[in-house]
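Input: a single structure, listed below in structure tokens.
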Amino acid sequence: ANYTLLNRDQISSISNGGVNFVYSFIVFQHFDSMDEVDYYLDHIERLLDKDGLAHIYFGKSNGEGIEVTPENRFKLRDCSLFISPPVMREYLERRFVVSAFEDSVPKNPHTGEGESVQALAVLKKKNG
């Protein structure tokens, strides 16, 4: 297996269709806008090869839309962007094939106990 951990400034150096797996855990929940979500989704769409998958976890809202925590209320390790699972699923389906979607993820994946503030989407390119 081969993997590389990259930061935002390094993503554009990867060639189109040059990635077969993207994994993002506790990243999207720290964005401050849907523009930032779009930035990463644009790159994921560009980078995935025809059979590639992206596993994306995001902070889920119990409300009906998108909630951004104002900077003055943000504390270390809290989420700043919450998206209701139905809204996120519809948002992702405009661009990707959503091959799996879980709006209830265990807080402890080893024991299955508790419920995380995360939800999971597994994505494939539409024209793969």
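Just one of the listed residues (M88, M34) is without any contact (Cβ under 8 Å) to a residue 60 or more places away in the chain and either among the basic types (K, R) or within 19 Å of K124 (Cβ to Cβ) (or both), and it is M88.
If only residues of segment 13-27 that are open to solvent by 80 Å² or more (accessible area, probe 1.4 Å) and either of a type in the set (A, V, I, L, M, F, W, C) or not in a strand (DSSP E or B) (or both) are counted, the one that is farthest from G52 (Cα to Cα) is I26. Once segment 28-40 is narrowed to residues that are part of a helix (DSSP H, G or I) and of a type in the set (A, V, I, L, M, F, W, C), the residue that is most open to solvent (accessible area, probe 1.4 Å) is M34.
The values are calculated or read from the model by the stated rules, or taken from the named source; none is laboratory data. These numbers come from a predicted model, not from an experiment. Cβ: placed from backbone, ideal geometry, glycine included. Neighbour counts: every protein chain shown. Please note that ligands, DNA and RNA were not included when accessible areas were found on the heavy atoms of the full protein model with its side chains. Shrake-Rupley method; radii C 1.70, N 1.55, O 1.52, S 1.80 Å.
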